[in-house]
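The next block holds one structure in the form of structure tokens; read it before the comments.
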Amino acid sequence: MKYFSFFFVLAITAALAVAVSIPLGEIPPIAPLLDPNHGFWQNSISEDQLAIEEIDLENLSAPVEVVYDQNLIPHIFAQNEADLYRAQGYVTAQHRLWQMEFQTMAAAGRISEIVGPIAIELDRMTRRKGLAYGAELGMKYLQENDPETLALIEAYADGVNQYISQLEEAQLPVEYKILNYRPEPWSAFKSVLLLKYMSDMLVGDRDLEFTNLRKILGQAKLDKLYPDFPTENDPIIEAERIWDFTAIPVAKPDSISYPDDLIIAEPLPQPEEGTGSNNWAVAGKKTKNGNPILANDPHLSLNLPSLWYAMQLSTPDLTVKGATLPGALGVISGFNDDIAWGVTNATRDTRDWYKITFQDDSRKSYKYGAEWRQANFRIEEIKVKGQDPFMDTVVYTHYGPVVYDRTFKSERQDLNFALKWTVHEGANEQKTFLLMNKARNHNDYNAALDHYAAPAQNFVFASASGDIAMRVQGKFPLKWPGQGKFLMDGADPRLEWQGYIPNSQNASTLNPERGFVSSANQYPTDASYPYYVFDNSFEQYRNRRLNRKLREMEQITVEDMMALQFDDYNLQASEALPVLTTLLGTYKSDSPEAERYLQELKSWDFFADPNQKGQTLYSIWSAETMESVWRELLDSKAPILRPSSYRTIELMATAPSDSIFDVASFEGVETAECHVRAGFDSLLVKMAEWEAEEGDYAWANFKKTTIQHLVPNFKSFSATNVYTGGGSGILNATGSRHGASWRMIVELGSEIKAFGVYPGGQSGNPGSRFYENFVPIWAAGEYLDFDLRAQQNAENVLFKTTLK
Amino acid sequence: MRFIFLTILTAILVVFLNPVAPFWMVMIGIAFLAALIYPNGFGGFLGGGLGMGLTWLGLCIYLGITTGSSLPDRMGELMGLGSGVTLIAITGVVGFLLGAFSGWTGVSFRNMLLKNPEDVYQG
């Protein structure tokens, strides 16, 4: 009996111990998670409570001191670059390990390893786009051409790995504990991959949609609805710029034919609408103190942990501060003692599609001119949590990977589209940032940019010596007008890219007469630039507002620049609302609600401030009107793209009776007026619903800005309903899920004055008091002091750590 | 008396061993303690349970007070439990169950090892 009772109790105890140690479906093992000594409770402790004075870091040539200011911004003081980047890797991993690994797992198409079969299609997509393939080529390029940079990237990786090997269970980031996996070693490859991931985030193309649109609308109507060049172009490089080089001639071949089928395939995900950025620099002659001032605010998805991590990096020869990308070396947008620089996305079509004709079902060779070319196969093994790996075979042509084929995103057996993208070519973006961090003048800045390929960026520049500059830098294919806008026939060698625009002929300007340089993702130049430039998503509003303000402003101060970054003026509304109200006429004038809304719109000053109701009404009315205008076009089974809001408003204003407004399925002839009224009806319906369910329709309450954790299901790790203004197409581009991911302003005098903020916090740990402590500051349009710090400065020090 | 002794020793064990060892090693330690101190079965169950459960509970509360972190509430919401207070209670209960069954196992182990008295006439 006593034997039985012992084994019985032992069995219960063992079963209990096992039950709380294993995952049950989506639920992670309970006991390790709840154990207050190792589980998530330990992640409640903030970094300053865990501060250690000395940490072992091997392979350093001299001790490195890390000084944290009161915002947990590390200032790293090392004796040389190798030590500096080793320490950068270590310190970044201390605060952002889970995020940097998760982002590169996403870039490598390895999310299924973490979350299971739900992510297989996403991983297949990522791999078929060839991001990892591009990173492998990037590594090869570094090995062959730039071993010095590679050695620094490896030092960074070593720093990360030493942190991982010292990491105790208690301090393991909480996401690992919840998702029940552990960090793997970091590598130089992952740093290279991260920069490819940025390309994926920022570069899109609409070739398939335009191919369908040309088939549906015909070339003439297509050109009318989607003009290549905006009517009121206010370009990045001032229109007065004279191009003093001889352009490489690009000849369009005679009688080319494009594949002309309707393509019913799901296009690749595009950069989210609202992804964009502003940057500008004003010359000393326009500022109050006579110093140049530079400003930058990249707009990206608003996420926690934030994409950015603020840092100062110092050696005896270099002191640089600004926003870093966890996983990449150096500062991406920042300043040093002599210069400041910033980035905005230089949208341009650098991604093209070729239709591949295979010889037979084996897909071993494809037609190219008169010959059959050999294809390569790349077997992608996607590991899946809780399942056998998923194997995906991707065919590679000399253009690039055949993304769409009979097994992926296609309803047709004979559909094979290969992707040609500058990301698939070896390049050395990391070198650009390493050189830029220590640049002293305009020449150094240009030399740094020569290494930069993708994602193309508008690099703004200002120096303490008084220069301001802008350069649109990327590896841009040479194309004849129209090339690459539509799907091309991969069997026709004449449709190849014609080479690349030389770096020296990329659009740029130095100290323009107008006293400022600026960019806001708009068309880069005026029509005189001798190369074909195309993209479907050039900005039409932020750029005009920005340049208008900069032209007007004199005696500029840092505070003026802060106000401009936070400017909520809705230029689109100021142009469109008069058109909408005119076309509406007296429609619904007998409805008291309609009267009330119209009154609110009439008294609105076009500023999308958080307490404004007019902005809410305008955003619904204009969206519903445009929806009505393009509904019939969008009914197409094949994927297509809507004409831009700018063009739609322009057509409503200038040609309200144009045939494009007619809806074939309705009787009679419709004009813009009908759509504006339909939009207004929808506004009334939506507002009635909103007022019944939510009540207040002030803009901040309506748009509900959310800064979302990288795992969208982890809702309680997100910051929701942040009270702030702005929106898409507005300088303060903060919409519901996108906006200024980093704001920086630098005045370059004899002493550098710098300010910065981002919507998040330095810690990646949701339990830390530094996780989202910048959010309220950012939401109110305020800044943190970002001045360079000297090592001995004892003011506002949170704690210090020596690595040795 | 033995039960109180077990409770106190278990709590000390959890405080000192748990930071460097996973929970299952602590469970084995509790079983040993229970076998050593040898209360009755119920005393082993309650002593081990209260010792571990209360220590876990206390640690959670201590961390909550010293850090002022919002993490317990965030985790509570994430797990669909509402607030962090529920999680503190659940952690205490899980600690209690693990400690209690370990204690009971230790006592049963000692019971099993005890020889039957040989000089008693059993008929």
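The values are calculated or read from the model by the stated rules, or taken from the named source; none is laboratory data. Being a predicted model, the structure only gives us computed values, none of them experimental. All Cβ positions, glycine included, derive from the backbone under ideal geometry; neighbour counts span all protein chains shown.
Of everything in the stretch B:92-102, what is among the aromatic types (Phe, Trp, Tyr) and more than 8 Å from every other protein chain (Cβ to nearest Cβ)? Give them in sequence order.
Within the stretch B:92-102, just B:96 meets the criteria.
Being polar (S, T, N, Q), in contact with a Leu (Cβ under 6 Å, 6 or more places away or on another chain) and either within 11 Å of chain A (Cβ to nearest Cβ) or buried (at least 19 other Cβ atoms within 10 Å of the Cβ) (or both): is that true of residue B:105 here?
Here the answer is yes, as residue B:105 does meet what is asked.
Is it fair to say residue A:745 is in contact (Cβ under 8 Å) with a residue 24 or more places away in the chain and among the β-branched types (Val, Ile, Thr)?
Yes; evaluated as a whole, the condition is true for this residue.
So residue A:756 passes all but one of these: (1) under 21 Å from the mean Cα position of the chain (by Cα); (2) without any contact (Cβ under 8 Å) to a residue 24 or more places away in the chain. Which condition number does it fail?
(2)
Looking at A:190, A:177, can you tell me which residue is assigned to a helix (DSSP H, G or I) and more than 27 Å from the chain's Cα centre (by Cα)?
A:177
Does the stretch A:361-380 hold any residues that are of a type in the set (D, E, K, R) and in a strand (DSSP E or B), and which are they?
Answer for the stretch A:361-380, where residues must be of a type in the set (D, E, K, R) and in a strand (DSSP E or B): A:367, A:371, A:373, A:378, A:380.
Can you find a residue in the stretch A:686-706 that is in contact (Cβ under 8 Å) with a residue 12 or more places away in the chain and part of a strand (DSSP E or B)?
Looking for residues that are in contact (Cβ under 8 Å) with a residue 12 or more places away in the chain and part of a strand (DSSP E or B), one finds at least one in the stretch A:686-706, hence yes.
So, of the residues in the stretch A:624-651 that are closer than 20 Å to residue A:538 by Cα and aliphatic (A, V, I, L, M), which turns out to be surrounded by the fewest Cβ atoms within 10 Å (Cβ to Cβ)?
Taking the candidates together, the pick is A:651.
Scan (1) touching a residue at least 40 places away in the same chain (Cβ under 8 Å); (2) over 20 Å from residue A:170 (Cα atoms); (3) loosely packed, with under 15 Cβ neighbours inside 10 Å for the single condition residue B:96 breaks and write down its number.
Residue B:96 satisfies all of (1) touching a residue at least 40 places away in the same chain (Cβ under 8 Å); (2) over 20 Å from residue A:170 (Cα atoms); (3) loosely packed, with under 15 Cβ neighbours inside 10 Å except (3).
Residue A:734 passes all but one of (1) assigned to a strand (DSSP E or B); (2) β-branched (Val, Ile, Thr); (3) under 23 Å from the mean Cα position of the chain (by Cα); (4) more than 21 Å from residue A:293 (Cβ to Cβ); which number fails?
Exception for residue A:734: condition (1).
Every residue, every condition in (1) within 20 Å of residue B:17 (Cβ to Cβ); (2) touching a Pro at 6+ places or on another chain (Cβ under 6 Å); (3) surrounded by 16 or more Cβ atoms within 10 Å (Cβ to Cβ); (4) of a type outside the set (D, E, K, R), yes or no:
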residue	(1), (2), (3), (4)
B:29	yes, no, yes, yes
B:33	yes, no, yes, yes
B:48	yes, no, yes, yes
B:55	yes, no, yes, yes
B:74	no, yes, yes, no
B:80	no, no, no, yes
B:112	no, no, yes, yes
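For the condition surrounded by fewer than 19 Cβ atoms within 10 Å (Cβ to Cβ) and within 30 Å of residue A:207 (Cβ to Cβ), what is the one hit in A:557, A:586, A:654, A:581?
That would be A:654, the only listed residue that is surrounded by fewer than 19 Cβ atoms within 10 Å (Cβ to Cβ) and within 30 Å of residue A:207 (Cβ to Cβ).
Just to confirm my filter: which helices (runs of 4 or more DSSP H) fall fully inside the stretch A:1-114 and include at least 3 residues that are more than 9 Å from chain B (Cβ to nearest Cβ)?
A:2-19, A:81-107
Residue under question is residue A:232, and the condition is that it be among the acidic types (Asp, Glu) and either over 31 Å from the mean Cα position of the chain (by Cα) or assigned to a loop (DSSP other than H, G, I, E, B) (or both); does it hold?
Criteria met by residue A:232.
Name the single residue that is nearest to residue A:763 (Cα to Cα) among those in the stretch B:66-91 being more than 10 Å from chain A (Cβ to nearest Cβ) and part of a helix (DSSP H, G or I).
The extreme case among them is B:85.
Residues being in contact with a Lys or Arg (Cβ under 7 Å, 6 or more places away or on another chain) and either among the aromatic types (Phe, Trp, Tyr) or within 20 Å of residue A:237 (Cα to Cα) (or both): count how many of those fall in the stretch A:447-473.
Total satisfying the criteria: 5.
Mind listing just one residue for me: the one in the stretch A:749-772 that is more than 14 Å from chain B (Cβ to nearest Cβ), in contact with a strand residue (DSSP E or B) (Cβ under 9 Å, 6 or more places away or on another chain) and among the small types (Gly, Ala, Ser) and, of those, surrounded by the most Cβ atoms within 10 Å (Cβ to Cβ)?
A:760
Does residue A:408 satisfy the condition of being modelled with pLDDT under 90 and in contact with a helix residue (DSSP H, G or I) (Cβ under 8 Å, 6 or more places away or on another chain)?
yes
Please go through the stretch A:193-225 and give me each residue that is buried (at least 17 other Cβ atoms within 10 Å of the Cβ) and not in a helix (DSSP H, G or I), ordered by number.
Listed by number, the residues that qualify are A:203, A:204, A:205, A:206.
For the stretch A:226-239, which positions are crowded, with 19+ Cβ neighbours inside 10 Å and either within 25 Å of residue A:640 (Cα to Cα) or of a type outside the set (A, V, I, L, M, F, W, C) (or both)?
Correct list: A:226, A:230, A:234, A:235.
Being among the aliphatic types (A, V, I, L, M) and in a loop (DSSP other than H, G, I, E, B) is the filter; apply it to the stretch A:493-529 and report the residue that is surrounded by the most Cβ atoms within 10 Å (Cβ to Cβ).
Among residues in the stretch A:493-529 that are among the aliphatic types (A, V, I, L, M) and in a loop (DSSP other than H, G, I, E, B), the one surrounded by the most Cβ atoms within 10 Å (Cβ to Cβ) is A:520.
Which condition number in (1) outside any loop (DSSP other than H, G, I, E, B); (2) touching a residue at least 12 places away in the same chain (Cβ under 8 Å); (3) more than 30 Å from residue A:471 (Cα to Cα); (4) not hydroxyl-bearing (Ser, Thr, Tyr) is the one that residue A:415 fails?
Status for residue A:415: all satisfied but (1).
Report the residue count in the stretch A:1-52 for those that are modelled with pLDDT of 90 or more and among the charged types (D, E, K, R).
The total comes to 3.
Tell me which residues, restricted to the stretch B:9-62, are away from chain A (no Cβ under 13 Å) and hydroxyl-bearing (Ser, Thr, Tyr).
B:10, B:38
Take the residues in the stretch A:464-492 that are surrounded by 20 or more Cβ atoms within 10 Å (Cβ to Cβ) and outside any loop (DSSP other than H, G, I, E, B); name whichever of them is modelled with the lowest pLDDT.
A:488
Could you check, for the stretch A:560-573, whether at least one of its residues is of a type in the set (S, T, N, Q), in contact with a strand residue (DSSP E or B) (Cβ under 9 Å, 6 or more places away or on another chain) and under 30 Å from residue A:746 (Cβ atoms)?
yes
May I ask you to say which residue of A:715, A:686 is surrounded by fewer than 19 Cβ atoms within 10 Å (Cβ to Cβ), outside the structural domain of residue A:100 (by TED's automatic domain parsing) and under 26 Å from residue A:591 (Cα atoms)?
Of A:715, A:686, the one residue that is surrounded by fewer than 19 Cβ atoms within 10 Å (Cβ to Cβ), outside the structural domain of residue A:100 (by TED's automatic domain parsing) and under 26 Å from residue A:591 (Cα atoms) is A:686.
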